[in-house]
Amino acid sequence: MPSISKKGTLMPASPIRKLVPYAEAAKKRGTHVIHLNIGQPDIKTPKVALDAVRNHNIDVLEYSMTQGSEEYRQKIAAYYAKRDIFVDAEDIIVTTGGSEALAFAMGTIMDNDDEIIIPEPFYANYNGFATAAGVKVKPIASSIENNFALPPISKFEKLITSKTKAILICNPGNPTGYLYSKEEITQLAALVKKHNLFLVADEVYREFTYDGREHYSILQEEGLEENVIVVDSVSKRYSMCGARIGCLISRNKEVIATAMKFAQARLSPPTFAQIASEAALETPQEYFDDVIEEYVSRRNLLLTELNKLEGVKVATPQGAFYCVAELPIADADHFAQWLLESFEVDGKTVMVAPAAGFYATPGLGKNQIRIAYVLEKEQLVKAVQILGKALIEYNKK
């Protein structure tokens, strides 16, 4: 048999999706699975976006422009300008989801065996993108004890070598919900300037910030025009995960010109999804006000319920719609599979995302899970109740 590539062998399975076969088997047995494992909002997609597709008359579904339509990119630039972030349409490449933007960024700025520093826990697919690009992730652990705040800059500096090309952050964070402060961003900005590195920020949850906090983009830092790359997406902002539209943004002309070559190799982003995404930019602020109010309510309820469980420790999210909980168990992967295979309450069980897959350091996160609070409050309460009963039963074994 021909051999599989080393990259293919090393490619990590998604901690979010690898348990799907067990969930499907549970459903076939008649068990209702409550999904806390995946960030698929139940919030309705803005009607203006769906109507734009319904009402669009296209006779020939042609290729779009490689970099995305001119009109859409101009409107993205206008969206940023409203937030005091000033970029041109030429600084933007529309991508097939934020995932492709991340892949383009890594391919553009990094060669085989180059290194990228990422605070962990981080979005699990960063490991996959790095593996596919032949890039080495140098993780730097943050702690649940301080809500997963930015680790000390001195620790970043100790990891920098001649192979280091970039620092990558997610702000607000997936899976932690941590929102980096302006001061923390400024510290990172000074570090990348000092060592001539790129600072890449995944800002797809920008709209979702809580408790009066405001998002501060790396694009707002002056003097970083050549260092900054931002990844964005419509997926969570407008509850349009299936549209698969994102973008890569940089004022560095060489970065954009190089990323364009990767974009040309995949031809173009999908046309109808761009039409929907362009229309979504007209979504009124009231939509976001209502969504944020709902997420804050869900977050507060989830934290209240989790804090009732003996031995459970949970960080308080300041943005996005995830939290990391530490459980009184040794192996969250085994526990998550056991939940789907061997446990139910009144015909229901819970699917969670084991957090070890959100780390790059072996052994970290083994007793943690990520919870996405994208369900209605009644479902969240029921899910935590099931989780509590499951922990009692599991720890009897």
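The values are calculated or read from the model by the stated rules, or taken from the named source; none is laboratory data. Keep in mind it's a predicted model, so treat the numbers as computed, not measured. Ideal geometry is used to build each Cβ from the backbone, glycine not excepted, and the neighbour counts take in all protein chains shown. Just the protein is used for accessible areas: all its heavy atoms, side chains included, with ligands, DNA and RNA removed. Shrake-Rupley method; radii C 1.70, N 1.55, O 1.52, S 1.80 Å.
The C-beta contact set for the stretch 62-90 (first residue of a type in the set (S, T, N, Q), second residue exposed (fewer than 12 other Cβ atoms within 10 Å of the Cβ) and at pLDDT 95 or above, distance under 6 angstrom, 6+ apart or interchain) comprises 66/264. For the stretch 1-33: of the residues being among the basic types (Lys, Arg) and either in a loop (DSSP other than H, G, I, E, B) or on the phi > 0 side of the Ramachandran plot (or both), which is surrounded by the most Cβ atoms within 10 Å (Cβ to Cβ)? Among those residues, the one meeting the criterion is 18.
Could you please let me know if residue 376 is modelled with pLDDT under 95 and open to solvent by 20 Å² or more (accessible area, probe 1.4 Å)? Spelling it out, residue 376 is indeed modelled with pLDDT under 95 and open to solvent by 20 Å² or more (accessible area, probe 1.4 Å).
Tally time: how many residues in the stretch 34-66 are assigned to a strand (DSSP E or B) and open to solvent by 50 Å² or more (accessible area, probe 1.4 Å)? Total satisfying the criteria: 1.
Being under 27 Å from residue 130 (Cα atoms) and touching a Gly at 6+ places or on another chain (Cβ under 7 Å) holds for only one residue in 353, 372, and it is 372.
Within the stretch 271-316, if we keep just the residues that are touching a Ser or Thr at 6+ places or on another chain (Cβ under 7 Å) and over 18 Å from residue 381 (Cβ atoms), the residue that is most open to solvent (accessible area, probe 1.4 Å) turns out to be 271. Scanning the stretch 251-265 for residues that are open to solvent by 50 Å² or more (accessible area, probe 1.4 Å) and either outside any helix (DSSP H, G or I) or of a type in the set (A, V, I, L, M, F, W, C) (or both) yields 251, 257, 262, 265.
Checking each residue in the stretch 267-315 for being hydroxyl-bearing (Ser, Thr, Tyr) and in a loop (DSSP other than H, G, I, E, B) picks out 268, 283.
Summed over the stretch 338-366, the residues that are polar (S, T, N, Q) and surrounded by fewer than 16 Cβ atoms within 10 Å (Cβ to Cβ) give a count of 2. Going by what's in this entry, would residue 149 be described as touching a helix residue (DSSP H, G or I) at 6+ places or on another chain (Cβ under 9 Å) and in a loop (DSSP other than H, G, I, E, B)? Taking the combined requirement at face value, the residue satisfies it.
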